[in-house]
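**Student:** One structure is given below, represented as structure tokens, and several questions about it will come after.
Derivation of every value follows stated rules applied to the coordinates shown; laboratory data play no part. From a predicted model like this one, the values you see are computed outputs, not experimental measurements. No Cβ is skipped: glycine too gets one built from the backbone with ideal geometry, and neighbour counts run over all protein chains shown.
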Amino acid sequence: MSDRTYRIATIPGDGVGIEVTAEAVKVLEAAAGRFDFDVEVHEYDLGGGRYLRTGEVLPESTQAELAEFDAILLGAVGTPDVPPGVIERGLLLKLRFDFDQYINLRPVKLYPGVPSPIAGLAPEQCDMVIIRENTEGLYAGIGGSFKTGTPDEVATQDSMNTRKGVERAIRFAYDQAMVRDNRLTVCHKTNVLTYAGDLWWRAAQEINADYPDVELDYVHVDAACLYLVNDPGRFDVIVTDNLFGDIITDLGAAIQGGLGLAASGNLDPEKRYPSMFEPVHGSAPDIAGNGWANPVAAVLSTALALSHLGETEAAAAVEHAAAAVLPTLATMGGPDMGASTSEIGDRITAAISES
Ligand code: NAD
Ligand code: IPM
Ligand code: MN
């Protein structure tokens with residue numbers, strides 16, 4: 001045993017989540033061998049499949065166990081046979097909220113040799129991180145339904161924005177900008193969401209006093225969608241609320257070559273709780289079971305986990321090995337990829353072991 005031993009929980013989940021997590025674990029173990037640290041991996045059977053079999057979403061005792069790990073690798077959860085929200089809210093969002101993983105860090109990076117749907121986009125024009133506030137906003141679950149199922153039915157869903165929550169997301173984003181290109185863009189909808197938008201923009205301007213080297217910019221979320229497509233190079237670090245961040249990171253995934261490449265980390269930067277790393281994509285029921293899922297998003301999420309654990313050399317090697325396999329693929333996911341999910345994992349693993 002080395003003095004660097006990490007206890008890692010995996011939640012493969014459902015659908016392609018199971019397929020890509022197997023590859024992420026292979027890569028993690030190869031990185032441990034190559035960089036002389038140890039990993040103890042414990043797999044947890046949670047998700048729609050478990051719920052259908054046992055009725056359980058996240059037993060309290062399981063959550064207590066998960067709290068003791070150094071990091072969690074999650075594949076994807078959700079199945080068409082379970083009503084929407086049961087697993088997503090009861091497992092995924094519950095872990096994000098209860099473990100106070102208040103940052104959702106989502107890099108959007110076009111790797112060399114990957115075709116972007118944006119014609120002529122060069123890698124140096126697409127390299128940003130999106131910082132998504134991860135515990136508040138419309139995701140807070142505040143609201144209700146009245147006279148449900150009648151013609152007078154009412155449904156409300158409130159967006160919760162606390163000064164503390166907004167400020168800690170913005171400060172984290174400024175810190176990111178400081179180690180990148182010193183440019184921070186706040187993305188919101190201040191022209192319509194005047195209460196929440198005012199809090200976000202005022203906080204960002206006030207905190208700028210602590211980061212005088214960072215150039216602060218603002219875009220409305222609708223315009224952000226336009227610029228992400230026609231001028232992604234204008235962004236270095238974007239900070240935004242929970243729902244806007246969810247939406248624009250799928251757009252970001254598209255411009256970087258597809259959901260099969262988009263990684264994320266749900267971070268508790270203070271390390272009171274384990275952080276959780278997962279691809280941006282879901283369980284992809286339309287392609288599950290075929291070996292057509294691209295595991296690179298899960299592998300790059302593992303690189304984010306290694307970086308969070310302080311294994312920066314291993315993190316860089318994993319990212320490098322994953323990036324190197326991409327130009328060898330015919331497509332970035334689906335039946336014509338030219339290699340199966342596990343073959344891609346094997347190639348990445350071999351590249352790490354030989355590095
Ligand atoms: P999805 O991300 O699962 O799929 C969207 C599209 O991207 C599909 O066409 C799919 O085939 C493709 N895709 C996804 N991952 C891919 C990969 N690795 N390689 C190649 N192509 C890939 O989104 P959806 O269909 O809206 O959601 C399906 C289920 O997943 C729902 O239950 C949803 O709630 C859940 N979901 C879970 C997570 C998560 O666990 N983090 C994230 C998003 C969605
Ligand atoms: C994501 C997903 C989740 C979200 C869902 C499955 C709850 O879309 O991680 O982007 O909305 O955050
Ligand atoms: Mn999403």
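**Student:** Relative contact order of region 233-355: what whole-number percent is it, with Cα pairs under 8 angstrom and at least 6 residues apart?
**Tutor:** Across region 233-355, relative contact order equals 22 percent.
**Student:** Going through the DSSP H helices of the chain, which span 15 Å or more along their own axis at the Cα atoms while scoring at least 0.5 as a mean Kyte-Doolittle hydropathy?
**Tutor:** Going by DSSP H runs, the hits are 16-35, 242-255, 296-308, 312-325.
**Student:** For region 194-243, what number results from the quotient of the Cα radius of gyration and 2.2 N^0.38 Å?
**Tutor:** 1.23
**Student:** Right, here's the next one. Which one of Pro151, Leu93, Ala209 is farthest out on the positive end of the charge dipole of the chain, using unit charges on Cβ (Lys, Arg +1; Asp, Glu -1) and the Cα centre as origin?
**Tutor:** The one lying farthest along the dipole's positive direction is Pro151.
**Student:** Give the residue from Gly291, Asn134, Ala324 lying farthest towards the positive end of the charge dipole for the chain; charges sit on Cβ (+1 for Lys and Arg, -1 for Asp and Glu) and the dipole is referred to the Cα centre.
**Tutor:** Looking along the dipole axis, the top candidate is Asn134.
**Student:** Another one. Between Val179 and Ser355, what length in nm is gained on full extension when 0.36 nm per residue of separation is reduced by their alpha carbon distance?
**Tutor:** Residue separation times 0.36 nm, minus the Cα-Cα distance, leaves 60.7 nm.
**Student:** What order, most packed first, do the peptides 160-172, 212-224 have when packing is the mean number of other Cβ atoms within 10 Å of each residue?
**Tutor:** The most tightly packed comes first, giving 160-172, 212-224.
**Student:** Further, regarding this structure: Rounded, prolate or oblate: which one fits region 240-355, using the alpha carbon gyration tensor with axes a ≥ b ≥ c (rounded when a/c is under 1.5, else prolate when a/b beats b/c, else oblate)?
**Tutor:** oblate
**Student:** Measure out, as a whole number of angstrom, how far apart the alpha-carbon centroids of region 229-257 and region 271-346 sit.
**Tutor:** 19
**Student:** Within 10 Å, count the other beta carbons around each residue, average over each peptide in 22-35, 120-133, and list them highest first.
**Tutor:** Result, highest mean Cβ count within 10 Å first: 22-35, 120-133.
**Student:** Among residues other than Arg168 whose Cβ falls under 11 Å from its Cβ, what is the net charge (Lys/Arg +1, Asp/Glu -1)?
**Tutor:** Charge balance near Arg168 sits at -4.
**Student:** Find which of Tyr44, Ala119, Val108 sits farthest along the positive direction of the dipole of region 1-140, computed with +1 on the beta-carbon of Lys and Arg, -1 on that of Asp and Glu, about the Cα centre.
**Tutor:** Value computed over the given set: Ala119.
**Student:** With +1 assigned to the C-beta of every Lys and Arg and -1 to the C-beta of every Asp and Glu, and no other charges, what is the dipole magnitude of region 173-262 about the Cα centre in debye, to the nearest 20?
**Tutor:** About 160 debye.
**Student:** Please work out the C-alpha center-to-center distance from region 147-209 to region 71-102 and express it in whole Å.
**Tutor:** 22
**Student:** What share of Cα pairs, in percent, lie more than 15 angstrom apart in region 1-41? Walk me through the numbers on the way to the answer.
**Tutor:** Numbers: 358 of 820 pairs.
Considering region 1-41, 44 percent of its Cα-Cα pairs are separated by more than 15 Å.
**Student:** Moving on to the next point. Averaged over all directions, how much area does the convex hull of the C-alpha atoms of the chain cover when projected, in nm²?
**Tutor:** On the way: hull surface 76.0 nm².
Dividing the Cα hull surface by four gives the mean projection, 19.0 nm².
**Student:** From a point 7 Å beyond the Cα of Val86 in the direction of its Cβ, which residues of region 273-292 have a backbone N at a distance under 19 Å?
**Tutor:** Inside the label zone: 283-286.
**Student:** Using the Cα atoms of region 292-332 to build a convex hull, what is its mean projected area in square nanometres?
**Tutor:** Working: hull surface 10.5 nm².
Mean orientational projected area (region 292-332, Cα hull): 2.6 nm².
**Student:** At 25 °C and a viscosity of 0.890 mPa s, what translational diffusion coefficient does Stokes-Einstein give for region 229-303, taking Rh as the Kirkwood radius over Cα pairs? Give it in µm²/s as a whole number.
**Tutor:** Using the Kirkwood radius from Cα pairs, D works out to 177 µm²/s.
**Student:** What span do the alpha-carbon atoms of region 92-147 cover on each of the three principal axes, reported in whole Å from largest to smallest?
**Tutor:** So the extents along the principal axes, rounded to whole Å, are 52, 31, 15.
**Student:** So, with +1 on the Cβ of K and R and -1 on the Cβ of D and E, and no other charges, what is the size of the charge dipole of region 1-132 about its Cα centre, to the nearest 20 debye?
**Tutor:** For this selection, approximately 460 debye.
**Student:** How high is the relative contact order of region 76-183, in percent, counting Cα pairs under 8 Å that sit 6 or more residues apart?
**Tutor:** Averaging sequence separation for qualifying contacts and normalising by length gives 20 percent for region 76-183.
**Student:** How big is the charge dipole of the chain about its Cα centre, in debye rounded to the nearest 20, if each Lys and Arg gets +1 on its Cβ and each Asp and Glu gets -1 on its Cβ?
**Tutor:** Magnitude of the dipole: close to 420 debye.
**Student:** Further, regarding this structure: Does region 1-155 come out rounded, prolate or oblate by the C-alpha gyration tensor, with a ≥ b ≥ c the root eigenvalues, rounded set by a/c under 1.5 and, if not, prolate when a/b is larger than b/c and oblate if not?
**Tutor:** Oblate is the answer for region 1-155, as a/c is 1.5 or above yet b/c matches or exceeds a/b.
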